[in-house]
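Written out below as structure tokens is the structure these notes cover.
The values are calculated or read from the model by the stated rules, or taken from the named source; none is laboratory data. Since the model is a prediction, treat every value here as computed from it, not as a measurement. Here Cβ is always computed from backbone atoms with ideal geometry, including for glycine, and neighbour counts include all displayed protein chains.
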Amino acid sequence: MHQPNLAFIGAGNMSQAIFGGLIKQGYEAHRIWASTRTPEKLISLEQKYGIVTSTDNQELIRNAEVIILGVKPQGMQALLEELAEELQNKRPLLISVAAGITIEALDRWSGGGLPIIRCMPNTPSLVNTGASGLFANSTVNDQQRQITDAIFKAIGIVSWVDNEDLIDAVIAVSGSGPAYYFMVMEAMVSAGEQLGLSREDAKQLTLQTALGAARMAQQSELDPGELKRQVMSPGGTTEQAILSFEREGLPQLFENAMRRCKDRAAEMAAELNQ
């Protein structure tokens, strides 16, 4: 793949996960630029990753073909309006990983007409097992989509959606999803203790079981429902547990919770883009 110069405006945990993953896969570190407001942090990034750093965002834009916007959503408007003139001169691909900021707002704040991709990665990206949902505006060309695909595949899998509203569904499934699994793990560890296991044993068994189940589901051609049924013997122990979950309405509980998550994502987007 052609290795364009990348500029990360904001070098927090997610940005570091992305360019760290790229470097592990052979991306040339000198093609990666990053900025933060803290000079000491830039020195640390240079030493750890070998990338180029600057406190001058205008300089980053002049030297990059792709800009990854990793600032907090509340600071996005001021940042883009400050950089709009330079962005219009350079016309790079903009990729935003900020939750809730629509492409329409990003386009308006940056002066209009730029190729923009909105991305929703999740926290397992920090350990290179992330899931990222992406949506591109009509100005993005095929090469820019391929470049973006490669960038986020460095930290996990990618899934492109055809409608920007579906980013809210991505948030409900994978963006917030890790917390659901952590909650299930927490509940299983606690239940294991109540059943007599030590906390450490309950934790190790729970985490390994979660890892194994996820791996099986990834590697199998069967859907999760069928895999579940294969573990259940008629009249057996697993069947009793699953029947209990179903009686308590667990599937509907998940759907209700994820709808609340999606609705809140839409509400937050409306608030941030005013």
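Leu60 meets all of the listed conditions (1) in contact with a strand residue (DSSP E or B) (Cβ under 8 Å, 6 or more places away or on another chain); (2) over 18 Å from Gly12 (Cα atoms) but one, namely (2). Tallying residues that are surrounded by fewer than 20 Cβ atoms within 10 Å (Cβ to Cβ) and on the phi < 0 side of the Ramachandran plot within the range 106-120 yields 2. For the range 26-48, the criterion of being under 24 Å from the mean Cα position of the chain (by Cα), at positive phi, modelled with pLDDT under 95 and in the same structural domain as Ala150 (by TED's automatic domain parsing) is met by at least one residue.
Quick grid of which residues meet (1) within 18 Å of the chain's Cα centre (by Cα); (2) touching a residue at least 60 places away in the same chain (Cβ under 8 Å); (3) part of a loop (DSSP other than H, G, I, E, B):
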| site | (1), (2), (3) |
| --- | --- |
| Ala64 | no, yes, yes |
| Ile68 | yes, yes, no |
| Val71 | yes, yes, yes |
| Gln77 | no, no, no |
| Glu81 | no, no, no |
| Ala84 | no, no, no |
| Ile95 | yes, no, no |
| Ala99 | yes, yes, yes |
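Scoring Thr53 on the criteria (1) assigned to a helix (DSSP H, G or I); (2) crowded, with 16+ Cβ neighbours inside 10 Å; (3) polar (S, T, N, Q) leaves a single failure, condition (1).
Residue check: is Gly156 assigned by TED's automatic domain parsing to the domain that holds Ala17, in contact (Cβ under 8 Å) with a residue 60 or more places away in the chain, more than 29 Å from Glu82 (Cβ to Cβ) and within 18 Å of the chain's Cα centre (by Cα)?
Values: assigned by TED's automatic domain parsing to the domain that holds Ala17: yes; in contact (Cβ under 8 Å) with a residue 60 or more places away in the chain: no; more than 29 Å from Glu82 (Cβ to Cβ): yes; within 18 Å of the chain's Cα centre (by Cα): yes.
No, not satisfied.
Evaluate the following for Gln47: is it assigned to a helix (DSSP H, G or I), polar (S, T, N, Q) and either closer than 20 Å to Ile155 by Cβ or in contact (Cβ under 8 Å) with a residue 12 or more places away in the chain (or both)? It is false that Gln47 is assigned to a helix (DSSP H, G or I), polar (S, T, N, Q) and either closer than 20 Å to Ile155 by Cβ or in contact (Cβ under 8 Å) with a residue 12 or more places away in the chain (or both).
Does Phe19 satisfy the condition of being crowded, with 16+ Cβ neighbours inside 10 Å and in a helix (DSSP H, G or I)? Considered against the rule, which asks whether it is crowded, with 16+ Cβ neighbours inside 10 Å and in a helix (DSSP H, G or I), Phe19 comes out as yes. Against the list (1) at pLDDT 95 or above; (2) touching a Pro at 6+ places or on another chain (Cβ under 7 Å); (3) within 30 Å of Trp109 (Cβ to Cβ), the condition Ala217 fails is (3). For the range 159-171, the set of residues classified as under 12 Å from the mean Cα position of the chain (by Cα) and buried (at least 20 other Cβ atoms within 10 Å of the Cβ) consists of Ile167, Val170, Ile171, listed by residue number.
Within the range 252-260, does at least one residue satisfy the condition of being basic (Lys, Arg) and surrounded by 11 or more Cβ atoms within 10 Å (Cβ to Cβ)? Quick ask: steps written out before the conclusion?
Narrowing the range 252-260 to residues basic (Lys, Arg): 259-260.
Retained after the next criterion (residues that are surrounded by 11 or more Cβ atoms within 10 Å (Cβ to Cβ)): 259-260.
Yes, the conditions are met somewhere in the range 252-260.
Restricting attention to the range 217-232, the residues being surrounded by 10 or more Cβ atoms within 10 Å (Cβ to Cβ) and within 24 Å of Ala191 (Cβ to Cβ) number 8.
Against the criterion of being out of contact with any Lys or Arg (no Cβ under 7 Å at 6 or more places or on another chain), in contact (Cβ under 8 Å) with a residue 40 or more places away in the chain and not basic (Lys, Arg), Met232 does not qualify.
Residues that are in contact (Cβ under 8 Å) with a residue 24 or more places away in the chain, at negative phi, touching a helix residue (DSSP H, G or I) at 6+ places or on another chain (Cβ under 6 Å) and not aliphatic (A, V, I, L, M) occur in the range 253-272; there is at least one.
With respect to the conditions (1) modelled with pLDDT of 95 or more; (2) touching a Ser or Thr at 6+ places or on another chain (Cβ under 7 Å); (3) within 30 Å of Ser96 (Cβ to Cβ), Tyr180 lacks only one, and its number is (2).
The set of residues from the range 24-40 being of a type outside the set (Ser, Thr, Tyr) and within 18 Å of Ile68 (Cα to Cα) comprises Glu28, Ala29, His30, Arg31, Ile32, Trp33, Ala34, Arg37.
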